[in-house]
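The numbers here are math on the coordinates, done by the rules we state, and not lab data. Please read all numbers here as calculations on a predicted model, not as lab measurements. With ideal geometry, Cβ positions are generated from the backbone for all residues, glycine too; neighbour counts draw on all protein chains shown.
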Amino acid sequence: MGQFRSQGEARGTEVCLIRKTTGVPCPSCGTTQAINYILLGDLREALLANPLGFIMLLAMAAFPVWIITDLALNKNSFFRFYHYVECIFRKKAVAIPAILLIIAIWIWNIIKLT
């Protein structure tokens with residue numbers, strides 16, 4: 001499954017500190033590659049690279065605009081949203097499935113690169 005290797009890995013410039021020191025990919029390994037695939041319109045490859053890429057791209061696009069808008073309008077809606085999400089993830093019914101999802105992605109990253 002060599003097609004999933006990152007461009008940085010191909011050039012010998014591993015970015016992930018966990019992978020660089022342990023040889024084991026972290027749960028977010030492949031997220032940058034996934035974002036690249038999304039921007040190129042290849043959603044299948046993006047999903048295979050790392051599903052977290054979809055969430056990360058959305059956050060990277062929306063959050064700066066949201067924060068700047070809050071600053072311009074002297075509001076704190078982003079902070080309230082962040083606090084709300086934090087409270088939701090403190091509930092076991094949400095936290096446990098989220099943790100299991102991250103573990104599943106981590107296992108996927110390990111399997112696809114072996």
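When the charge dipole of the chain is built from unit charges on Cβ atoms (+1 for Lys and Arg, -1 for Asp and Glu) and taken about the Cα centre, the candidate among 18, 63, 84 whose Cα reaches farthest toward its positive end is 84.
Multiply the residue gap between residue 75 and residue 95 by 0.36 nm, knock off their C-alpha separation, and tell me the result in nm, one decimal place.
Length gained between residue 75 and residue 95: 4.3 nm.
Assuming charge only on the beta carbon of Lys and Arg (+1) and of Asp and Glu (-1), the dipole of the chain about its Cα centre is about 280 debye to the nearest 20.
Calculated from DSSP H runs of 4 or more alone, at -39500 (n - 2.57) each and per residue, what is the 222 nm mean residue ellipticity of the chain, nearest 500? Kindly include the intermediate steps, with their values, before the conclusion.
On the way: 7 runs with 82 residues, N = 114.
Using -39500 (n - 2.57) per qualifying helix, the result is -22000 deg cm²/dmol.
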